[in-house]
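Asks: Quick one: structure below, then a few questions.
Bear in mind these aren't lab numbers, they're just calculated from the coordinates by the rules spelled out. This is a predicted model, so every value here is computed, not measured. Cβ placement follows ideal geometry from the backbone for every residue including glycine, while neighbour counts extend to all protein chains displayed.
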Amino acid sequence: MNAPVPVVRIVDDDASFLAAVARMLRASGFAVKTFASAVEFLGRPELDVPGCVLVDLQMPDLNGLDLQEALAKEGHRLPVIFLTGHGDIPTTVLAMRRGAEDFLTKRAPKADLLDAVKRALDRDSLERAGRARLEALRARFAALTEREREVLQHVVRGRLNKQIAFDLGIHERTVKLHRTSITTKLGVHSAAELTKLCMEAGGLDV
Amino acid sequence: MSWITIIWSMVASACLTLAAIHLLAWCQKRSKWAYLLFSLAAAGTAGLVFAEFCAMRAETTGEFGMCLRWGHVPFWVLLISLVGFVRLYMRAGRLWLAWTICGLRTLSLILNFAFMPNINYREITVLRHVQFLGESASVVAGIPNPWMLVGQTSLLLFLVFLVDVTLTLRRRGERRSMLILSSTMVFFIAASTAQFMLSFWGIDASPLRPSLFFLGVVVAMAYELSREAVKAVQLSDELRESEERMTLAAEAAGFGVWMWTIATNRVWGSERWHRLFGFEPGVEVGYEMVSQRIHPDDREWVESAVRRASGDRGDFAVEYRVILPDGTQRWVSAQGRRYPDAQGRPARMMGAVIDITGRKKAELEIERQSNELAHVSRVSTMGQLASSLAHELNQPLGAILRNAEAGELFLQDPSPDLDELRSILADIRKDDQRAGEVIDRMRDFMKQRKAERRRLDLNLLVGDVATLVRPNVEKRRVRLALETDPALPPVHGDRVQLQQVLLNLLLNAVDALDENPPARRLVTVRTRPVGAMAEVAVSDTGQGISADKLLRVFEPFFTSKPNGLGMGLAISRNIIEAHRGRLWVENNEAGGATFTITLPMAEGGDAK
């Protein structure tokens with residue numbers, strides 16, 4: 001499967017700056033999409049397309065921080081880079097605390113801007129990959145039966161087949177059968193591997 | 001004793017004397033036509049007296065007829081001049097009636113010479129001698145001439161004319177002496193006509209003597225005219241006295257008094273006036289010489305003020321600089337008024353000048369200080385805007401930088417897209433211009449400068465200031481609404497100072513909203529014309545101002561902000577009042593406060 005091209009979204013009410021920064025990023029080899037306001041940006045459906053957002057902090061109506069908040073509320077995890085004409089410390093702190101990827105002035109050196117964009121795109125693709133893996137993993141766990149999950153709980157706690165059989169009031173051979181079925185469904189070969197997989201999938205209580 | 005001789009010659013000489021005196025008076029003052037008319041009336045009366053006297057002494061009917069015949073000439077003069085006198089002096093009487101009387105009388109005079117012996121008799125048949133005043137006098141009888149009615153009608157109409165005049169004068173509420181004069185005329189002329197008729201028809205056996213009654217008229221007229229002359233003398237005395245008093249008062253108050261006769265271009269001035277303009281006392285001065293002493297920068301508008309005053313405006317008041325021959329400069333305040341001649345043309349201008357150098361120096365010093373204060377306050381206001389300005393500058397500078405970088409990247413291409421490069425360069429130029437404008441605006445605002453009054457559109461000013469504060473406003477999540485009325489009249493003022501006031505009010509309004517949730521942070525700037533004033537109101541939706549502070553916000557050093565200087569509003573009010581405007585504050589019913597400015601419309605009205 002071919003991964004879609006990541007798109008750098010730029011949101012700024014200053015048309016002149018918007019055009020200039022878009023032009024520079026395009027010339028640097030990025031796919032770029034421009035928006036004149038936060039409202040216009042949030043109204044678009046293609047928020048799932050990978051990439052990042054470059055947003056002006058000070059805009060009329062919805063400003064950069066509002067946009068960040070709205071994105072988070074919707075559950076979109078696009079990395080946000082803030083641009084500002086003139087940054088002050090309290091706003092920077094607030095933006096960073098909310099998980100801003102970066103905070104740059106509009107006249108930041110080109111290298112800084114490109115680095116920030118690259119970093120954001122990398123992080124986005126990494127996060128997307130991780131999220132995809134997790135999804136797949138969860139799908140695999142979802143294939144387990146109720147009883148198999150119960151058995152798995154005990155297995156990852158390091159208990160022996162005999163103990164599991166006693167606790168669950170079933171035959172030891174049945175436990176063995178369940179374990180084979182679990183390892184087949186999850187595609188692992190050892191108990192250690194199984195434990196690691198469970199931790200990746202989000203803790204032991206699967 | 002021959003009383004007739006004595007009385008008639010005395011009357012004649014009295015009349016002639018009066019006639020001579022008033023003729024002389026008229027020669028002195030040609031505009032007093034009443035004097036000439038009176039003089040003619042008196043002379044006419046004298047002639048009538050003489051004719052009467054001759055008639056009484058006539059020995060034959062032929063002689064008597066001739067006397068009566070020639071007596072009509074002085075009587076014609078008398079009647080015409082009386083009609084003229086009444087019209088001119090009393091300014092009453094119907095014009096058509098006056099012309100009819102004169103016409104009939106002239107016709108009667110012509111007919112008089114067409115008939116023999118005269119218009120009164122077709123033939124005189126009897127001449128008798130009667131005893132009258134101890135002397136023998138001639139009395140006649142004969143066949144009356146029916147054309148006599150023309151003359152009689154003119155007399156009757158004259159009586160009607162006089163009665164009408166008397167009533168008009170009464171209605172007009174004229175002074176008593178005038179009424180008495182016209183009533184006296186009515187009485188004596190009625191009496192003289194009656195005596196003539198009685199004597200003519202032989203009912204009264206005494207001789208004809210209507211002239212004596214006319215003496216009464218002449219005396220009454222002379223009395224009225226002499227009263228006027230006496231009053232004129234009195235007035236001129238009073239005038240001289242009041243003139244002396246005024247000169248004294250003007251000298252004591254430091255005023256120089258002047259009078260410019262336009263026709264001769266001569267400027268008369270009091271001694272102090274000569275000193276104020278640096279002329280030797282007693283030197284003859286013309287308008288141009290005075291004009292040369294006015295500071296070249298002031299000359300043109302002082303002269304235009306004088307021109308306007310000599311035109312339809314009527315008066316002027318100006319303050320200007322005078323350069324004395326030794327080069328020293330002096331400020332004067334001058335006032336003048338135009339006085340027209342009888343035709344209503346401007347003939348003279350009079351006025352006063354006072355030295356205001358001391359006051360002007362103090363005023364200029366105060367102005368300089370308040371300009372300096374305003375400047376300091378502007379600089380400190382700019383401090384508040386520093387981050388806002390940095391933002392506004394970084395916007396175009398950032399765009400320039402990004403465009404330049406993009407250009408560099410394009411050039412790395414072996415065959416760069418030239419169209420794209422061209423549009424990059426055009427954008428760079430545009431953004432550079434934008435940054436330049438921000439800097440110019442800021443420099444204008446920060447410059448230490450003299451106030452300069454110009455015609456201004458407050459709507460444009462509001463727009464400029466809104467642009468200046470917008471980044472600051474947006475950062476603080478405040479919504480700024482402009483509701484400008486295009487019908488707002490222009491005002492006359494200093495652009496930077498008025499911008500400063502608006503900026504101050506806007507920043508204050510934004511500050512007042514810090515406690516509000518973002519949804520309720522609204523600043524509205526509204527402009528509208530109110531009569532001959534332009535109004536700008538800046539409203540916020542904050543907490544408003546508590547009653548105890550409402551009156552104190554304009555006091556210097558009064559502040560509610562932790563790091564405020566407390567000068568902003570004091571200076572703002574100072575600036576607005578220097579523009580003859582008003583600045584005040586009220587709390588809004590729906591919460592928050594509104595600061596309102598009114599400024600008078602610029603002269604020349606609503607043409608933008």
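Asks: I'd like the trypsin sites (Lys or Arg not before Pro) in segment B:27-119 restricted to DSSP loop residues with at most 14 other Cβ atoms within 10 Å, sorted by number.
Replies: Sites meeting the loop and neighbour criteria: B:Lys29, B:Arg30, B:Arg91, B:Arg94.
Asks: Which of the three applies to segment B:200-272, rounded, prolate or oblate, going by the alpha-carbon gyration tensor with a ≥ b ≥ c and a/c under 1.5 meaning rounded? Before the final figure, lay out the partial values.
Replies: On the way: a/c = 10.48, a/b = 3.70, b/c = 2.84.
It comes out prolate by the Cα gyration axes.
Asks: Express in nm, to one decimal, how much length is gained between B:Leu248 and B:Arg455 on full extension, taking 0.36 nm for each residue of separation and deducting their alpha carbon distance. List each step's numbers first, then the result.
Replies: Details: separation 207, 0.36 × 207 = 74.52 nm, distance 4.37 nm.
Stretched out fully, the B:Leu248 to B:Arg455 stretch lengthens by 70.2 nm.
Asks: Enumerate the amide H contacts of A:Gln58 below 5 Å, restricted to partners 5 or more residues apart or on another chain; note that Pro and chain-start residues carry no placed amide H.
Replies: It is A:Gly64, A:Gly85, by chain and number.
Asks: Also, I was wondering about something else. Evaluate peptide B:384-395: per residue, the Cβ atoms of other protein chains within 10 Å of its Cβ; return the mean as an integer.
Replies: Values: counts 0, 0, 1, 4, 3, 2, 4, 8, 2, 3, 9, 11.
Rounded to a whole number, the mean comes out at 4.
Asks: Reachable lysines from A:Lys118, Cα under 19 Å, same-chain residues fewer than 8 places away excluded?
Replies: Excluding near neighbours in sequence, the set is A:Lys33, A:Lys106, A:Lys110.
Asks: For peptide A:102-115, how many partner chain Cβ atoms fall within 10 Å of a residue's Cβ, on average?
Replies: For this peptide, the per-residue mean of nearby foreign Cβ atoms is 3.
Asks: Can I ask one more? Can you work out the Karplus-derived ³J(HN,Hα) for every residue in segment B:407-419? Use 6.51 cos²θ - 1.76 cosθ + 1.60 with θ = phi - 60°, whole Hz, and x for glycine or proline.
Replies: My calculation for segment B:407-419 gives x, 4, 5, 4, 5, 5, 5, x, 10, x, 6, 5, 4 Hz in order.
Asks: So, in nm, how far is label B:Thr153 from label B:Glu238 when the simple model puts each one 7 Å beyond its Cα toward the Cβ?
Replies: 4.9
Asks: Let me ask you something else. Rounded to the nearest 20 Debye, what is the dipole magnitude of segment A:143-200 about its Cα centre when Lys and Arg each give +1 and Asp and Glu each give -1 at the C-beta? Provide the component values of the computation, followed by the final result.
Replies: Numbers: 10 positive and 7 negative charges, 30 e Å.
It comes to approximately 140 debye.
Asks: Using 10 Å bins from zero, what percent of all Cα-Cα pairs in the protein assembly as shown falls into each bin?
Replies: P(r) for the protein assembly as shown, in whole percents per bin: 2, 9, 11, 10, 9, 9, 8, 8, 7, 6, 5, 5, 4, 3, 2, 1, 1, 1, 0, 0.
Asks: Another question about this same structure. By what distance, in whole Å, do the Cα atoms of segment B:461-559 stretch along each of the three principal axes, largest value first?
Replies: Result for segment B:461-559: principal-axis Cα extents of 37, 30, 23 Å.
Asks: Could you compute how fast chain A diffuses translationally, taking Rh as the Kirkwood radius over C-alpha pairs and applying Stokes-Einstein at 10 °C with viscosity 1.306 mPa s? Give it in µm² per second.
Replies: This corresponds to a translational diffusion coefficient of 79 µm²/s.
Asks: Find how many whole Å separate the alpha carbon centroid of segment B:429-492 from the alpha carbon centroid of segment B:504-577.
Replies: Their Cα centres are 18 Å away from one another.
Asks: What does the structure give for B:403-413 when I average, per residue, the other chain Cβ atoms found within 10 Å of the residue Cβ?
Replies: Average per residue, whole number: 5.
Asks: Straight-line reach from B:Lys549: which aspartates and glutamates fall under 16 Å, measuring Cα to Cα and dropping same-chain residues less than 8 apart?
Replies: Qualifying aspartates and glutamates at Cα under 16 Å: B:Glu586.
Asks: Cross-link candidates for A:Lys185: which lysines have Cα within less than 25 Å, leaving aside residues fewer than 8 places away along the same chain?
Replies: Answer for A:Lys185, where 25 Å is the Cα cut-off: A:Lys162, A:Lys176, A:Lys196, listed by chain and number.
Asks: What nm value, rounded to one decimal, do you get for the distance between B:Glu319 and B:Glu123 when each label is placed 7 Å out toward the C-beta?
Replies: Going from the B:Glu319 label point to the B:Glu123 one covers 9.7 nm.
Asks: Follow-up. If you take the charge dipole of chain B about its Cα centre, with +1 on Lys and Arg Cβ and -1 on Asp and Glu Cβ, which of B:Phe445, B:Ala406, B:Leu88 is farthest toward its positive end?
Replies: Going by the Cα projections, it comes out as B:Leu88.
Asks: Using r as the Cβ-Cβ distance of A:Met96 and B:Ala519, and R0 as 35 Å, what FRET efficiency do you calculate, to the nearest 0.05? Let's see the in-between values first.
Replies: On the way: r = 26 Å, r/R0 = 0.73.
Taking R0 as 35 Å, the efficiency between A:Met96 and B:Ala519 is 0.85.
Asks: Stretch B:Met259-B:Arg299 to full length: gain in nm at 0.36 nm per residue minus the Cα-Cα span?
Replies: Separation in residues times 0.36 nm, less the Cα-Cα distance, equals 12.5 nm.
Asks: In debye, nearest 20: dipole of chain A around its Cα centre with unit charges on the Cβ of K, R (+) and D, E (-)?
Replies: 1080
Asks: Quote the charge dipole size of the protein assembly as shown about the Cα centre in Debye, to the nearest 20; the model charges only the Cβ of Lys and Arg (+1) and of Asp and Glu (-1).
Replies: Charge dipole, the protein assembly as shown, about its Cα centre: 880 debye, nearest 20.
Asks: Here's another thing I want to ask about it. Taking R0 as 30 Å, what's the FRET efficiency between B:Ser387 and A:Glu46 from their Cβ-Cβ distance, rounded to 0.05? The partial results should precede the final answer.
Replies: On the way: r = 35 Å, r/R0 = 1.18.
After rounding to 0.05, the efficiency reads 0.25.
Asks: Next question. For B:Ala347, enumerate residues with amide H under 5 Å from its amide H, sequence gap 5+ or separate chain, H modeled in the peptide plane.
Replies: HN-HN under 5 Å from B:Ala347: B:Tyr339, B:Asp341.
Asks: Let me ask something additional. Using DSSP to define loop residues, name the trypsin sites (Lys or Arg not before Pro) in segment B:420-458 whose beta-carbon has at most 16 other beta-carbon atoms within 10 Å.
Replies: B:Lys447, B:Arg449, B:Lys450, B:Arg453
Asks: Given labels modelled 7 Å from the Cα in the Cβ direction, how far is it in nm from B:Ala205 to B:Ala20?
Replies: Going from the B:Ala205 label point to the B:Ala20 one covers 4.1 nm.
Asks: Can you give me the pair-distance distribution of segment A:143-200, C-alpha pairs, 10 Å bins, whole percents?
Replies: Cα pair-distance distribution for segment A:143-200, in percent: 25, 61, 14, 0.
Asks: Follow-up question, since we're still on this one. Just to be sure I understand: if I project the alpha-carbon convex hull of segment B:10-136 onto a plane and average over all orientations, what area do I get in nm²?
Replies: Over every viewing direction, the Cα hull of segment B:10-136 projects on average to 9.2 nm².
Asks: At 0.36 nm per residue, minus the direct Cα-Cα distance, what do B:Glu59 and B:Asp464 gain on full extension? Give it in nm, one decimal, please.
Replies: Values: separation 405, 0.36 × 405 = 145.80 nm, distance 11.21 nm.
Length gained, B:Glu59 through B:Asp464: 134.6 nm.
Asks: Now for a separate question. Using amide H atoms built in the peptide plane, which far-off residues or other-chain residues are under 5 Å from A:Val8 H to H?
Replies: For A:Val8, the qualifying residues are A:Ala31, A:Val32, A:Lys33, A:Cys52.
Asks: Can I ask one more? Principal axis extents for chain B, Cα atoms only, whole Å, descending order, please.
Replies: Between the extreme Cα coordinates on each principal axis of chain B lie 147, 66, 55 Å.
Asks: How do B:235-248, B:338-351 rank on mean C-beta neighbours within 10 Å, highest first?
Replies: On the way: B:235-248: 10.7, B:338-351: 14.2.
Ranking, from highest mean packing down: B:338-351, B:235-248.
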